[in-house]
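Peer 1: Take a look at the following structure, please.
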Amino acid sequence: MANKSLFQSITSVLPRATVVNEAGGPAYKLSAKHALAQMAATGTFGNVYYASAQNQLDAMRKLIDEIDDNEFLAKLAVYSRERAYMKDMPAALLVVLSTRDTKLMHQVFDRVADNGRVLRTVFQMTRSGQFGRKGLSSSLQRAFQRWLNDASVGKLLSASIGNDPSLRDILRMARPTPKDDARRALFGWLTDKPVEKWAPATVDHLPSTVQSLVAYRAADTAEAQTLIAGDLQVRWDLLADAAKGPLVWKAIARQMGPQALRMNLNTLLRHDAFKKPGILGFAGTDNAVIDYVAGQLADRDAIARSRQFPYQFLAAYMNASDEVPSKIKTALHDAAEIACGNVPKLPGPVIIGLDTSGSMGCAVTGNRGRGGTSKMRCVDVAALFAAAILRRNPDSVVIPFDTQAYKVKVDPSDSILSLSARLSKYGGGGTDCSLPFVEANTRYAKQAFAGIVLVSDNESWITSGRRYGYGQNGSTGVMTQWEKFKKTQRGLGIVDPKLVCIDIQPYGTSQAPERDDILNIGGFSDAVFNVVSSFLENDASRFVREVESVEL
C-alpha cells in the first residue's frame, strides 16, 4: 500500500504555500492584478506594520510593470476612487496612465480627479518624478487645463485650500486659457496677480461668490462677518482663517455639512462654538448650536439615503476630545446604530475570525507623520466590521485571536461602538490565522455556518518554524483547517460554504489562494459589506471582477 501520510485524499486539494509573507510565514502570492487591486482599495502610501511607504510604492510600480492591460488600470483607478473612496492610489494610477495610454487617461481623468484635493495629488505625484517624468506632458497639461476651465466656482475655491502643491502652483504650470472674462478674473485672483494684469477682465468680473468672500475677509467685526457668512455657500475652510471669534464660528458650523461637522468637532470646540456669549465673554453651553450639530450628525433619513456605514462615526467618536458635549457624542453613537441598518444581512450565520495581534495595532492609514496618522487602528476597523455583521446577523460567532483563540461572550443587541471597543481589546501578541478555523472545527463543529470571514492583515507567522509551516502538504494552516471545515459543514447540509479573507493592509500575500470557494478582499471600505454578502450568496463575482465591471 502507498504511504497514507503522503497520499491521503485531503492533500490533493491543499495547494502548497508559494511565498513567504512580510512576517516570515508561509502564504500564497496573489496575481499581479489582484495584488494591485488590493493595494489600490486599501488606500494610501503610509508606513504600515510590515512595510514602509517607499516599499509600498516600489511594490506598486513592480505590479504595474507586470500588468499589460491599460484598461484594467483605468478601471482600477475609477474603482478605487468612486467605490473604495481612496485618494492617493487612484491619483497614482492616473499618473501611470498618462505615460501609458493618454486616451484612457483623458477618459477617466475627471472621474478620478473629482475634487481639488485629488487634482493636487496628481500634480504632486507627477512633479515627484516617481512615475517617469517630473513635468506635465502636453496631454496631461490639456487634462489639467480642461479641469480648471470646466470646474465650478465652488470646486475651484475648494481646490484652493491647501499647499505643497497649491492651486496657484497648478495654474502657473498648467497655464489654462480662460474661457471667458469671469474665469480670467478668477484665475487672476487665485494666483494673486495684480488686477491690472487681469485685463480685459476687471474686479467686476469676479463671480459673486468670490466677491462675497472678499467682503467677508475684509469685514471689521464679527457681526458683519456672521451676516455675510450666513449667505455664503463655500467650504467652511475658506471662512476659518479670517473668522473673528466664536460668533462667526457658530455661523460656520451651520454652513458645514454632516461630514464636515463629523470631522471637525474638535475644531468647533477649540473656537468656543459650543459656548454661549455672556457679559464676561463666552461661557456655559449654547444649546441651540449643540442641538443643531447633534441633529445633523444623527439625521436618520440622511444616513439611510447616503448608505453610510458605522466606520466613519466610530472614527469621529474616537477622535473627539473629552470636552466635546455629551449630546454630540451620543449623536455619534446614535448615528452608528442607524448606519448599522445599511449593513446587509448575510444568507446565514458566519464565523468571524478577528485578528487582534500586535501588528493590527498599526494605524489604518499607516504612519503618515504628525497630523496625518489616524487614531483608528486596524484592529478597530476589524472589530467594527465584526460587530456590524454580528448586529445584523446575531447567530454569527466572533473569535478574536492572536497566538490563541479567545472565548468571548457578547450581546449582539449591545451598542455597536461598545461591541467594537470590547472586541478590539483582546490579544496583542503574534499571529496564527488558522486558530479561528481550529475553533470552528472543534467547539463549533456541530453548528451550521454559511462560511468563515477572516479579518486580518494576513501576516500569519507564529508557526512558520515548523516544516512546511502549519498546514499539511506544505499548505498554510488556514487551508488545511478550511478543507476540514468544508467537509464538516457539508455533513450538516451546507452544500457550498465560503471563505472570505479581508486584508486590512496591502502586503500582496494571503493565507488562502483565490478560487471558487475563496474570496480575497483588499482594504476596508463601504463596498466590503456588499461584496461579502454577494459572495456568500454564491455570486460568482470576484474582487478583480468587481474592478473589471466598471464602465469607462
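The values are calculated or read from the model by the stated rules, or taken from the named source; none is laboratory data. Small disclaimer: the values here were computed from a predicted structure and weren't measured. Positions of Cβ are backbone-derived with ideal geometry, glycine not excepted, and every protein chain shown enters the neighbour counts.
Peer 1: Tell me, yes or no, whether the stretch 374-382 has at least one residue that is at pLDDT below 90, out of contact with any strand residue (DSSP E or B) (no Cβ under 7 Å at 6 or more places or on another chain), within 29 Å of ASP432 (Cβ to Cβ) and surrounded by fewer than 18 Cβ atoms within 10 Å (Cβ to Cβ).
Peer 2: Scanning the stretch 374-382 turns up at least one residue that is at pLDDT below 90, out of contact with any strand residue (DSSP E or B) (no Cβ under 7 Å at 6 or more places or on another chain), within 29 Å of ASP432 (Cβ to Cβ) and surrounded by fewer than 18 Cβ atoms within 10 Å (Cβ to Cβ).
Peer 1: So which of THR226, THR221 ends up being among the hydroxyl-bearing types (Ser, Thr, Tyr), farther than 20 Å from LEU186 by Cα and in contact (Cβ under 8 Å) with a residue 24 or more places away in the chain?
Peer 2: Step by step, each of THR226, THR221 is checked, and only THR226 is among the hydroxyl-bearing types (Ser, Thr, Tyr), farther than 20 Å from LEU186 by Cα and in contact (Cβ under 8 Å) with a residue 24 or more places away in the chain.
Peer 1: Right, here's the next one. If you scan the stretch 146-202, which residues turn out to be of a type in the set (A, V, I, L, M, F, W, C), in a helix (DSSP H, G or I), over 17 Å from VAL214 (Cβ atoms) and without any contact (Cβ under 8 Å) to a residue 24 or more places away in the chain?
Peer 2: Across the stretch 146-202, the qualifying residue is only LEU171.
Peer 1: Another question, then. For GLN447, are the conditions met, namely being over 17 Å from ALA382 (Cα atoms) and at pLDDT below 85? If you could, list the steps in order and put the result at the bottom.
Peer 2: Numbers: over 17 Å from ALA382 (Cα atoms): yes; at pLDDT below 85: no.
Taking the combined requirement at face value, the residue does not satisfy it.
Peer 1: Looking at this structure, is ALA288 in contact with a Ser or Thr (Cβ under 6 Å, 6 or more places away or on another chain), assigned to a helix (DSSP H, G or I) and either of a type in the set (A, V, I, L, M, F, W, C) or within 26 Å of LYS155 (Cβ to Cβ) (or both)?
Peer 2: no
Peer 1: While we're on this one: Based on this model, can you work out whether VAL410 counts as among the β-branched types (Val, Ile, Thr), within 17 Å of the chain's Cα centre (by Cα) and either at pLDDT below 90 or not in a helix (DSSP H, G or I) (or both)? Steps first, answer last, please.
Peer 2: Numbers: among the β-branched types (Val, Ile, Thr): yes; within 17 Å of the chain's Cα centre (by Cα): no; either at pLDDT below 90 or not in a helix (DSSP H, G or I) (or both): yes.
Judged against the criteria, VAL410 is not a match.
Peer 1: Check the stretch 184-204 and report whether any residue there is surrounded by 14 or more Cβ atoms within 10 Å (Cβ to Cβ), under 37 Å from the mean Cα position of the chain (by Cα) and within 30 Å of PRO277 (Cβ to Cβ).
Peer 2: Looking for residues that are surrounded by 14 or more Cβ atoms within 10 Å (Cβ to Cβ), under 37 Å from the mean Cα position of the chain (by Cα) and within 30 Å of PRO277 (Cβ to Cβ), one finds none in the stretch 184-204, hence no.
Peer 1: Just to be sure I understand, how many residues within the stretch 263-312 are in contact (Cβ under 8 Å) with a residue 60 or more places away in the chain, buried (at least 19 other Cβ atoms within 10 Å of the Cβ) and farther than 18 Å from TRP236 by Cβ?
Peer 2: Here the count works out to 4.
Peer 1: Listed residues VAL408, VAL398; which is hydrophobic (A, V, I, L, M, F, W, C) and in contact with a Lys or Arg (Cβ under 9 Å, 6 or more places away or on another chain)?
Peer 2: Among VAL408, VAL398, only VAL408 is hydrophobic (A, V, I, L, M, F, W, C) and in contact with a Lys or Arg (Cβ under 9 Å, 6 or more places away or on another chain).
Peer 1: Having 3 or more residues that are under 20 Å from SER396 (Cα atoms) and at pLDDT 85 or above is the bar; report the helices (runs of 4 or more DSSP H) wholly within the stretch 473-549 that clear it.
Peer 2: In the stretch 473-549, 477-491 are the helices (runs of 4 or more DSSP H) which contain 3 or more residues that are under 20 Å from SER396 (Cα atoms) and at pLDDT 85 or above.
Peer 1: Okay, moving on. Among the residues of the stretch 126-145, which ones are surrounded by fewer than 21 Cβ atoms within 10 Å (Cβ to Cβ), in contact (Cβ under 8 Å) with a residue 24 or more places away in the chain and assigned to a helix (DSSP H, G or I)?
Peer 2: ARG127, SER139, GLN141, ARG142, GLN145
Peer 1: Still on this structure: Could you check the stretch 173-193 and list, in sequence order, the residues that are out of contact with any Phe, Trp or Tyr (no Cβ under 7 Å at 6 or more places or on another chain) and within 22 Å of ASP241 (Cβ to Cβ)?
Peer 2: Across the stretch 173-193, the qualifying residues are LEU186, PHE187, TRP189, LEU190, THR191, ASP192, LYS193.
Peer 1: Here's something else I'd like to know. Taking the condition of being within 13 Å of ARG391 (Cα to Cα) and touching a Phe, Trp or Tyr at 6+ places or on another chain (Cβ under 6 Å), how many residues in the stretch 343-367 meet it?
Peer 2: So the count comes out to 4.
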